[in-house]
Number of protein chains: 2
Amino acid sequence: MNGMCSVTCTMNNLLLWVILQGSLHTVEGVWPLPQTFTTSTVRYQLKPQSFHFGYRRESAAQRGCSVLDAAFKRYFTLIFPNGTAGNSKLHFSVDEPFTAEISVDHHDCEGYPKEDSSERYNLSVSAGRAFLSAETVWGALRGLETFSQLVYQDNVGSFFVNKTDIEDFPQFQYRGILLDTSRHYLPVQAILKTLDAMAYSKFNVFHWHIVDDPSFPYQSRTFPDLSGKGAFHPMTHIYRQSDVRSVISYARMRGIRVLPEFDSPGHTQSWGKGQSDLLTPCFRRGAPLGTFGPVNPALPSTYQFMASLFKEAASVFPDSYVHLGGDEVDLSCWSSNPSIRAFMQKMGFGVDFPKLETFYIEKLVNITSALNKTSVVWQEVFDNSVQHGSLSVVEVWKQGCYLCEVRRVAKAGLRVILASPWYLDLPGPTHNWARYYTVWPLAFKGTEEQKRLVIGGEVCLWGEYVDATNLAPRLWPRASAAAERLWSDEKQTSSVDRAFPRLQDFRCRLLRRGIPAEPLDVGHCRHEYQGV
Amino acid sequence: MNGMCSVTCTMNNLLLWVILQGSLHTVEGVWPLPQTFTTSTVRYQLKPQSFHFGYRRESAAQRGCSVLDAAFKRYFTLIFPNGTAGNSKLHFSVDEPFTAEISVDHHDCEGYPKEDSSERYNLSVSAGRAFLSAETVWGALRGLETFSQLVYQDNVGSFFVNKTDIEDFPQFQYRGILLDTSRHYLPVQAILKTLDAMAYSKFNVFHWHIVDDPSFPYQSRTFPDLSGKGAFHPMTHIYRQSDVRSVISYARMRGIRVLPEFDSPGHTQSWGKGQSDLLTPCFRRGAPLGTFGPVNPALPSTYQFMASLFKEAASVFPDSYVHLGGDEVDLSCWSSNPSIRAFMQKMGFGVDFPKLETFYIEKLVNITSALNKTSVVWQEVFDNSVQHGSLSVVEVWKQGCYLCEVRRVAKAGLRVILASPWYLDLPGPTHNWARYYTVWPLAFKGTEEQKRLVIGGEVCLWGEYVDATNLAPRLWPRASAAAERLWSDEKQTSSVDRAFPRLQDFRCRLLRRGIPAEPLDVGHCRHEYQGV
C-alpha cells in the first residue's frame, strides 16, 4: 500500500498535519510572563501593509522620540519577519488597518534608563488597535516586546493577535547579564547581539566585566598603555571609545543600562603591563620574585591613578552604578611585601590583611562617590568589613547557602544583587534549564524592608570557556529562565512543567529572530536556526 | 607619565608587540600530527598571485579530475583567506612562482572513498614548489589539507611555508562522526559545514543516524509516508532525495564516506506513523494498549518492507557499509504481545527474547548481504547472539569497560568501531578536551590480528540537546582531539601538554575557516570568530 502513495496522498497528509498543528497554537506565549494577563479566543488579523505604530495625542513622547521611533522600526520587522508576508495577497478583501498606539507619561526619549526607571506598562488589544501606555519610554519598550510576542502566524502564514489585556511590571528592578571580555575578547557584534536577546527576555542591565587578569581591552583615553600593553592585541582586541559608545547607545535604545566593572585590587594582572608601580611586587625570603600581586594599596600613586581612571569611566559610562569588583584577592603577595607590611604597621592593621582590603575599597568607594556614582562590590568586600557604612550594593556570587548571604547583606541594610545560582558558564548538565528557573531570591526569612533591598539578580557568563563561538547557545534560553524569575510574579511561575511549553515556544521565537538559543529537549521549531 | 602617552607611544608598543609575537609562530601546527614530519627554519614566501596547483605529468589524474580540481579551488581560498593578500604589493620584487604539484597513482576521480581506500601521501616542500604524491585522490586530499595547515602568515600578513618533508598515513581506516537528525532536524547546510570541518581534522566517515523515534526525516521514494507522517514536518523538516545526494556528493569531494543508519527494531516510533502493522502493538492483561513497541519481528510483511527499504537505501547510499542499529530494544512490549509469544513458541525460542532479536537482525543482515552491503550493528547485537557468524562490524558504545568489549568482539573475529569514549553530546565538563585525547582504542591485551580488527573509532553527537544552534561549538575542537588519536602515531601523541598549543593553534585555524569551534581555555586567536 505504501509504495502506491501518490502526490495526492502526500498532499492529504499535509492538510491533515496543518489541521492538527492548528490546535497547538499558544496565544499566551509571552516570556517572561506578564503580571496580569487576560486573553480571549477572539483574534484579529494583522497585515504588514496595513499595520502601523503611532503615538497617541496625549503622549508626552511624539514622533522624533529616538528610542520609540527606532523601536517601532525594529518591532515591525520582528512582528513581520522578512519574507513571511504570508498569503495575505490571496485575500481580495480591503485591508482593515491595525494601529498600535503608544502613550507615555514622560518624555525621557533622549535619556538613559536608570536604577529607578519605571518599566510598568499596560497593553490592551482589541479590534483594529492595540493601546500601549507606560510611564516611561522604557516601560513602552517592554510593552512593545510583549506585543510582538502576542503576534503569531497560522499555518498558511497569516498573522494574528488575540484580544488581550495586560498590566505588567517587573518583580525586580535589576535584571542583569554579566559578560566577561577579558578572558576572551568578544567582538562588538557579539555584544550587540546579546543586547538584542536581552531585550527579548526583558533584561535591563548589561554588567560589562570589561577587564581582568588575562587582558585589558578597554582603550582608556587617559591611560592608553593599559590596552596598548595589556590587551591581547593593541589594535584588534580592544574596545575603542567609539565601540564603547556604540554598545551604550545600542543598549539605551533597548532600555538596557551598561554597568562597567573595573575589578580591583585582585584580577588586575593585565593592568600591570601598562601601568608600572600599580601592582604589588611579590617577595620571597626578602627578595622580589619578579611577579606581581594585587594592586598596591600602600602607595598614594595608586589612588591618584584610580581617581583618574574612574573619573574617565564616570564620564564614559552614563549609568549611576559602577562595579568596583573586590573579589578573590590573593593576600599572600601583599603579605610577602616588606613595604606593604610596613604600611600595615603604620596604619595599625597589624597582620589583618582583610582590613587592608577594606581600607583599599573604601578609598575607591570614596572616589566613586565623589563622582556621584553608586558602587557595587562582590560579596567578599561585605564579608571582610566590620562596618559597612560606605557600601551600597553587594553582589552575592559564592555557591553554597547564597540566600544566607543575601539575608546577611539585607539585614545590614545594603542592597543585594543575587548572582550565585545563575553562573551559566559553569560546566555541568548544560541542558538543565529548570535549575535556573526554580531559584527564588526572596526565599529567606526577613522583613518586608529587607526583601525590598534585594534589588534583583544577574546571570554571569564568565569567559574561561566562552567566546563568540559559543556565547549565544550557552546563554540562551537558559538565561531566559532566570529572566522570568526576575520579572514575573513568583506564584504564577512556580511550575517548571507549566513553564516548559512556553519556554520552548519562546526559544523558537529566539531562533526566528536569529539568536542561536540551544534546544531544551527533543523536538523542533517551525523555523529552525538558519545561521550556519 | 601614562597620561602623556601619544600616538607614537602606541605605535612603539605595537611594534614591540609585533616583534614579540613573531617568535610565537609554530610552523608545525598540523593537526592531526603526521606520522613522520621533518621541518626546517628555512621558509619560502607564498603569494596568491603567483601560487598555483598543478598535476604532475606522471599523475594518473589530470585536469578534469572532479575531486582534485575542486579541492585546488577550495584549498586556494583556505590558504589565502579573502581580504588577506597581505602587503605583498608593497614588495616591488618580481614574484617568484610557487607551484604545488600533485601526482596520484590511481584515477579514482569519479568514484567514492571506500573502506580500504589508501589515504597515504607524501609531501615535500622546497624552494618554489611543493610535491604531493599519493596512491589515491583521497590520499591527495589529506595531503592538501596538511599543506594548507603548513602555510602561515607573519605579522604583516605575508604568507610563508617552511621547508618540510612529510610521510603520512592514518593509524585507523575508520574515523567517523555520527550526527543524529531525528531528535532534532539539522538543516542540510549544518551537515555540509560539519563535513567541511571533518575534512580539516581528516575524519573520513559521516555516520548519518538519519531516523529514530522522534522523527523520520528521510524522504523515501518507496515509502513516502514514512517522512510524510513521521517527520517533524512533511515539507520543511525532511531530507529529499536531492538533499541526500548533495550530502553524499559534498562528502565525496572531501574524501568522506556517508554511512546511513536505519536503526531497528527499537528506536522506530516515528516509522510506525507512516507504516501500519510495522510496529508491535503492546498489550496489557490481554488487551491492546494502543501503544507500540519495536518493529514486529513475527510478521513476514516486516521483512518485505525492510527488504524494499534497504534496497532503496542501497541504491541511494553508495557506501559498502550500512548501519542496522539494533541497540536498546525494549523487550517488554514484545513479551506482552500474544502473537509474538505464539511466534516464539513456534520458533522454539521459549521466552528468550534476545533470541528473537538475534533472529530479527539476522534476517536484516541477510537482506543487506544480498545487496552487497556490509552491515554494522551496535554492540547489543553482538552481546545477545551466541554465534556471530552473520555479523561483520560491531560498534561499541556503552560506557564502563569499553575496551573489554572491544577485546571480546575482536576475539570473536569481528571488526570493531569504538564510540564509547567519544560521546561528545553528554553533559559534563564540556571544556575537558583531554579526556577525549587520552583514549587509545588498542590498549587491551590481544594479538596483532585482533588489534587489526579494530578498524577505528567514532565521535557521536546525539541529538537530544543538540541542533544547528550549538552543534559546531559542541563538536569542535573536541572531536579534533579524537581525530588525532585515530590518525596519528600513538607514541608521538601521548602527551596532552605537548598537544595543547598545537590544538589551540588548530582551533584558531578553524575559526579563521568559519567553524565556531569553542575555546579550550583563556586566550585569544588572531582572527576571532566573526560569524555572529
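The values are calculated or read from the model by the stated rules, or taken from the named source; none is laboratory data. None of these values were measured; they are calculated from a predicted model. Using ideal geometry, Cβ is built from the backbone for each residue, glycine included, and neighbour counts are taken over all protein chains shown. Heads up: the accessible areas ignore ligands, DNA and RNA and are worked out on the full protein's heavy atoms, side chains in. Shrake-Rupley method; radii C 1.70, N 1.55, O 1.52, S 1.80 Å.
In the range A:421-497, which helices (runs of 4 or more DSSP H) lie fully inside it and hold 2 or more residues that are open to solvent by less than 20 Å² (accessible area, probe 1.4 Å)?
Fully inside the range A:421-497 and qualifying: A:434-437, A:471-475, A:478-487.
Need the failing condition index for B:GLY228 against (1) closer than 21 Å to A:HIS527 by Cβ; (2) more than 9 Å from chain A (Cβ to nearest Cβ); (3) small (Gly, Ala, Ser), just the number.
(2)
Of the conditions (1) in contact (Cβ under 8 Å) with a residue 40 or more places away in the chain; (2) open to solvent by 10 Å² or more (accessible area, probe 1.4 Å), A:THR146 satisfies every one except a single condition; which number is it?
(2)
Just checking, does the range B:274-287 include any residue being open to solvent by less than 10 Å² (accessible area, probe 1.4 Å), within 30 Å of B:ARG252 (Cβ to Cβ) and within 14 Å of another protein chain (Cβ to nearest Cβ)?
Checked against the condition, which is being open to solvent by less than 10 Å² (accessible area, probe 1.4 Å), within 30 Å of B:ARG252 (Cβ to Cβ) and within 14 Å of another protein chain (Cβ to nearest Cβ), the range B:274-287 yields at least one hit.
Results for (1) more than 14 Å from every other protein chain (Cβ to nearest Cβ); (2) of a type in the set (D, E, K, R), shown as yes or no for each residue.
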| site | (1), (2) |
| --- | --- |
| A:GLU458 | yes, yes |
| A:ALA468 | no, no |
| A:ALA482 | yes, no |
| A:ARG509 | no, yes |
| A:ASP521 | no, yes |
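Within the range B:242-275, count every residue that is among the aromatic types (Phe, Trp, Tyr) and over 14 Å from the mean Cα position of the chain (by Cα).
Qualifying residue count, the range B:242-275: 2.
Give all pairs with beta carbons closer than 7 Å in which a residue from the range B:122-134 that is on the phi < 0 side of the Ramachandran plot meets a residue that is open to solvent by 30 Å² or more (accessible area, probe 1.4 Å) and basic (Lys, Arg); count only pairs at least 6 apart in sequence or on separate chains.
B:VAL125/B:LYS163; B:SER126/B:LYS163; B:ALA134/B:ARG120
Looking at the range B:335-350, can you tell me whether even one residue there is under 35 Å from the mean Cα position of the chain (by Cα) and farther than 30 Å from B:VAL244 by Cα? Break it down stepwise before answering.
Step one: list which residues in the range B:335-350 are under 35 Å from the mean Cα position of the chain (by Cα), which gives none.
Taking every residue of the range B:335-350 in turn, none turns out to be under 35 Å from the mean Cα position of the chain (by Cα) and farther than 30 Å from B:VAL244 by Cα.
Take the range B:172-190 and flag every residue that is open to solvent by less than 10 Å² (accessible area, probe 1.4 Å) and closer than 19 Å to B:ALA70 by Cα.
none
Would you list the helices (runs of 4 or more DSSP H) that sit entirely within the range B:324-386 and hold 3 or more residues that are open to solvent by less than 30 Å² (accessible area, probe 1.4 Å)?
Counting at least 3 such residues, we get B:338-347, B:353-370, B:379-384.
Which numbered condition trips up B:ARG175, out of (1) under 21 Å from the mean Cα position of the chain (by Cα); (2) without any contact (Cβ under 8 Å) to a residue 12 or more places away in the chain?
It fails just one condition, (2).
Out of contact with any helix residue (DSSP H, G or I) (no Cβ under 7 Å at 6 or more places or on another chain), over 30 Å from A:MET347 (Cα atoms) and either within 14 Å of chain B (Cβ to nearest Cβ) or free of Cβ contacts under 8 Å to residues at least 40 places away in the same chain (or both): which single residue out of A:ARG240, A:ARG221 fits that description?
Among A:ARG240, A:ARG221, only A:ARG240 is out of contact with any helix residue (DSSP H, G or I) (no Cβ under 7 Å at 6 or more places or on another chain), over 30 Å from A:MET347 (Cα atoms) and either within 14 Å of chain B (Cβ to nearest Cβ) or free of Cβ contacts under 8 Å to residues at least 40 places away in the same chain (or both).
Can you name the residue in the range B:249-273 that is open to solvent by less than 10 Å² (accessible area, probe 1.4 Å) and in a helix (DSSP H, G or I) and is also farthest from the other protein chains (Cβ to nearest Cβ) among such residues?
Of everything passing the filter in the range B:249-273, B:ALA251 is farthest from the other protein chains (Cβ to nearest Cβ).
Can you tell me which residues in the range B:203-219 are surrounded by fewer than 24 Cβ atoms within 10 Å (Cβ to Cβ) and in contact with a Leu (Cβ under 6 Å, 6 or more places away or on another chain)?
B:HIS209
With respect to A:ALA85, is the statement that it is at pLDDT below 95, of a type in the set (A, V, I, L, M) and open to solvent by 10 Å² or more (accessible area, probe 1.4 Å) true?
yes
Looking for something away from chain A (no Cβ under 14 Å), at negative phi and either surrounded by 14 or more Cβ atoms within 10 Å (Cβ to Cβ) or modelled with pLDDT under 95 (or both) - is there at least one such residue anywhere in the range B:13-23?
Checked the range B:13-23: at least one residue is away from chain A (no Cβ under 14 Å), at negative phi and either surrounded by 14 or more Cβ atoms within 10 Å (Cβ to Cβ) or modelled with pLDDT under 95 (or both).
Restricting to the range B:290-301, and then to whatever is more than 34 Å from the chain's Cα centre (by Cα) and in contact (Cβ under 8 Å) with a residue 40 or more places away in the chain, can you tell me which residue is most open to solvent (accessible area, probe 1.4 Å)?
Step by step, filter the range B:290-301, then rank; the result is B:THR291.
Quick one: which residue in B:LYS163, B:LYS193 is of a type in the set (Lys, Arg), in the same structural domain as B:ASP69 (by TED's automatic domain parsing) and surrounded by fewer than 24 Cβ atoms within 10 Å (Cβ to Cβ)?
Only one candidate qualifies: B:LYS163.
Which of the residues that make up the range B:63-84 are out of contact with any Leu (no Cβ under 9 Å at 6 or more places or on another chain) and of a type outside the set (A, V, I, L, M)?
B:ARG63, B:GLY64, B:CYS65, B:SER66, B:ASP69, B:LYS73, B:PHE76, B:THR77, B:PRO81, B:ASN82, B:GLY83, B:THR84
Okay, residues lined up against (1) within 11 Å of chain A (Cβ to nearest Cβ); (2) in a loop (DSSP other than H, G, I, E, B); (3) touching a helix residue (DSSP H, G or I) at 6+ places or on another chain (Cβ under 7 Å):
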site: B:ILE166; (1), (2), (3): no, no, yes
site: B:GLN171; (1), (2), (3): no, yes, yes
site: B:LEU178; (1), (2), (3): no, no, no
site: B:ARG183; (1), (2), (3): yes, yes, no
site: B:ALA190; (1), (2), (3): yes, no, yes
site: B:LYS202; (1), (2), (3): no, yes, yes
site: B:TRP208; (1), (2), (3): no, no, no
